[in-house]
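The next block holds one structure in the form of structure tokens; read it before the comments.
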Amino acid sequence: MLRSSAVSLALGYIALGITALVLFAAPLWYAWQVTIQEGRIEILQVDAQRLAEVFRREGADGVRSFIDARVRMQIASERILLLTDESLHPLSGNLPVWPPDVPLVPGNYKVRMELGDQSTQMALVHVATLGNYHLLVGRDNALFAPLQTRFWYGLAAGIAVLSIAGLLIGLITRRALMSRVHSIRQTVSAIIHGDLKHRLPTHLNDDELNTLSRTINGMLEQIELLVHGVRNVSNSIAHDLRTPLAELRSRLEELALIRPSPEETFAEVDGAVADVDRVIRIFDALLRLAEIDAGMRRSGFVPLDISDLTANAVEFYAPAAELENIDLAAHSDGALTVSGDPVLLAQALSNLIDNALKYAPENGAINVTVRNRFDGSVEVSVSDNGPGISDSEKSKVMERFYRGDASRGTPGVGLGLSLAQAVAKLHGSTLELSDQNPGLRVAFLLPLEEPQTPAHAAVPQKSAAAEEAAPATLASG
Amino acid sequence: MKILLVEDNERVTQFVVKGLQEAGHTVDHAGNGRDGMFLAASEPYDVIIMDRMLPGEIDGLAIIEVLRKAGKRTPILILSALSEVDDRIRGLRSGGDDYLTKPFAFGELLARLDALHRRAEGINTEAPLSVGDLHMDPLTRKVTRGSRPIALQPREFKLLEYLMRHAGQVVTRTMLLENVWDYHFDPQTNVVDVHISKLRQKIDAEFERPLLRTVRNAGYTVTADE
């Protein structure tokens, strides 16, 4: 229980309270003691002086009668008076004998002595010598004892109240905290056991725990979303990898069973290798997607001319488009330097163009456009005049492995748009699908490199890089 | 070629050693980093195939770094199961000359080893290239077959130049993508084949003997041999 934060906090506060109380009481106590002591000694001295005055005026007898009168007047033995002769024989006063602890030297002493019927008490005494006589003037400290006791009791009571109240508050707080922590723990253990739908209980007020609970709920929301995504992806992977793996398996099993002629066997082995290659291709695409999604590729961002990159991608696909009589053209607003990952952007563009090529009709047209929007961003779009995508399908096509009805029978694994979307996201944008009537237009934005840099400044840089790269490429021969 | 294979996986080792020996190469094998380092530093090899992740204290990249610091210039091909772009960059930065991701096709490995070996022999990038009656002058960028000039677009020129520099060798589609287009991804479709067939139209169509040939399950080669 001492480990409970509420209790240890309460204990800390109690200790602090006691320390404060003691710090407050100690000087008070000290001041009281010193002041009272000094005051008393002063009174005793004045008393002794008055007696000395009497002695000087009226001699020892005068003092004796004065003391007697004083003793008689006193009801309580508050004041102690004793006059003895040289041999300490008491002459007058309310003490039967000279207290053994009190020396005969003039001065102030604090001694323990027998006072009448009472037991030993602390007394403050002043000793003076009047001629051959010894005078003792004293005061019983016991008079102030109740006050002192009350002071100590007060202090003790204060400490007690502080401690008990503190502990109680600590325990109550602990109970309240424990009950809330308990409910949080229950929720969390339900989540640990796999039920991600649970949320922490929250109240309307805005205390610390509630704020924390809300934050955790937000986190749970995100986790649920991610887990859901991962589940979807793994289902899709399982589905998409199973097909080629099943084909591969049956191919090999059949081979082992029927043991055909070597020529046939070789053909089957080639087919098996092709199956494996398909699996590997899906794997690579998924790994690339995961890599982009993890956001780790930001390190690969460099200033690049997006118009140049686009023109290259279009040039790369030009012969393929030509073969299908599709008019593939690149349009751009001149050199535009953006910050991006050249490898991923090239891959995303290649996927988009590849997609467009699949859906554009014979004698169709595909336009790849790079447009400066003059708001610090560049729009890259790929549009075709194919069948387009219905609104209901638009959200689905971004999903991994989704393949529209129109794509049946075309090569590909259904990751092209997801990958382009992931790349767009990495560059702070998102893939936008719109209708061309007919056809599909896919666009995304890229942030323009600092506008103050003139766009043409990037061109020599780029061509220098290209020149550098060219011999390296040739040198690999 | 005398080749060193540093690889700990037995299946991969068996597959690579057998294949390389069948292709007429001499192969030494080291199963861990320490042996690999020792052999690579003490024996003269034409090419080293280095697995990236090795048992023992030393991994492939560390060996490459040590060899390069010691002044060894033997071309090194890194084999790795790590396929991320950054891994590739790190591998090449450590001093490797090429990077091949597992799993790989044997033809791809062989073609890349040939390319590395030829690169190490040193080439004159300005000297004219010839394969049979096909001639190319990299300086004037003129291409002729027999006496007939052939007009090529810049990318076609680059493609043909790469193929001719590797005349007699198999060049894979991936190698063409990486070296001609600088594309380090798989475009999923047969775009490279389309480029090749277009090039073939220009250099081979009207001639009796085709120079640009398809190697089944591997890639392409430019050769004047029968």
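Coordinate-derived values only; no laboratory data. Because the structure is predicted, anything quoted here is derived from the model rather than measured. No Cβ is skipped: glycine too gets one built from the backbone with ideal geometry, and neighbour counts run over all protein chains shown.
As a calculated quantity, the FRET efficiency between B:N217 and A:N437 at R0 = 56 Å, using C-beta atoms, amounts to about 0.80.
Think of the protein assembly as shown as having a plus end and a minus end, set by charges on the Cβ of Lys, Arg, Asp and Glu; of A:A15, A:S261, B:L92, A:A15 sits farthest toward the positive end of this dipole. Which of rounded, prolate or oblate describes the protein assembly as shown when judged by the alpha-carbon gyration tensor and an a/c cut-off of 1.5? The shape class here is prolate. The residue list A:P361, A:Q222, B:Q169 was ranked by how far each Cα lies along the charge dipole of the protein assembly as shown toward its positive end, using unit charges on Cβ atoms, and A:Q222 comes out on top. The trypsin sites (Lys or Arg not before Pro) of the range B:130-226 meeting both criteria, a DSSP state outside H, G, I, E and B (loop) and at most 13 other C-beta atoms within 10 angstrom of the site's C-beta, are B:R141, B:R216.
What net charge is computed for the residues neighbouring A:P262, neighbours being all others with C-beta under 13 Å from the C-beta of A:P262, Lys and Arg scored +1, Asp and Glu -1?
-3
Counting only Cβ charges, +1 for Lys and Arg and -1 for Asp and Glu, the dipole size of the protein assembly as shown around its Cα centre is about 2220 debye. Overall, the anisotropy analysis places the range B:1-127 in the rounded class: the square-rooted eigenvalues a ≥ b ≥ c of its C-alpha gyration tensor yield a/c less than 1.5.
Considering only beta bridges that DSSP places wholly inside chain B, some 50 percent are antiparallel. This ranking places A:M219, B:M175, B:M50 by how few other beta-carbon atoms lie within 10 Å of each, fewest first, which gives A:M219, B:M175, B:M50. A crude spin-label estimate for the pair A:T129 and B:A70, with each label 7 Å from Cα along the Cβ direction, gives 10.7 nm.
From the alpha carbon centroid of the range B:105-134 to that of the range A:179-234 is 60 Å. Using 0.36 nm per residue and subtracting the Cα-Cα separation, the extra length available between A:R50 and A:A26 on full extension is 5.1 nm. Loop only by DSSP, 11 or fewer other Cβ within 10 Å of the Cβ. Give me the GluC sites (Glu not before Pro) in the range A:285-372 that pass, ordered by residue number. Answer by residue number: A:E362.
Against chain B, whose longest principal axis comes from its Cα atoms, helix B:60-69 is set at around 80 degrees. Peptide A:276-283 shows a mean partner chain C-beta count of 2 within 10 Å per residue C-beta. Spatial offset of the range A:1-71 relative to the range B:136-213 amounts to 113 Å, using the alpha carbon center of each. Between the helical axis of B:191-203 and the longest alpha-carbon principal axis of chain B there is an angle of about 40 degrees.
In the protein assembly as shown, taking the dipole from charged Cβ atoms about the Cα centre, the farthest positive-side position among A:A60, A:S179, A:W152 is held by A:A60.
Using only side-chain charges placed at the Cβ, +1 for Lys and Arg and -1 for Asp and Glu, the dipole size of chain B relative to its Cα centre rounds to 640 debye. Between A:Q148 and A:R251, residue separation times 0.36 nm minus the direct Cα-Cα distance comes to 26.7 nm. Applying a DSSP loop filter and a limit of 10 other Cβ atoms within 10 Å to the chymotrypsin sites (Phe, Trp or Tyr not before Pro) in the range B:1-61 leaves nothing. Placing +1 on the Cβ of every Lys and Arg and -1 on the Cβ of every Asp and Glu, with nothing else charged, gives the range A:223-293 a dipole about its Cα centre of roughly 220 debye.
What is the angle, in °, between the Cα long axis of helix B:10-22 and the longest principal axis of the Cα atoms in chain B? Nearest 10 is fine, range 0 to 90. Around 40 degrees separate the two axes.
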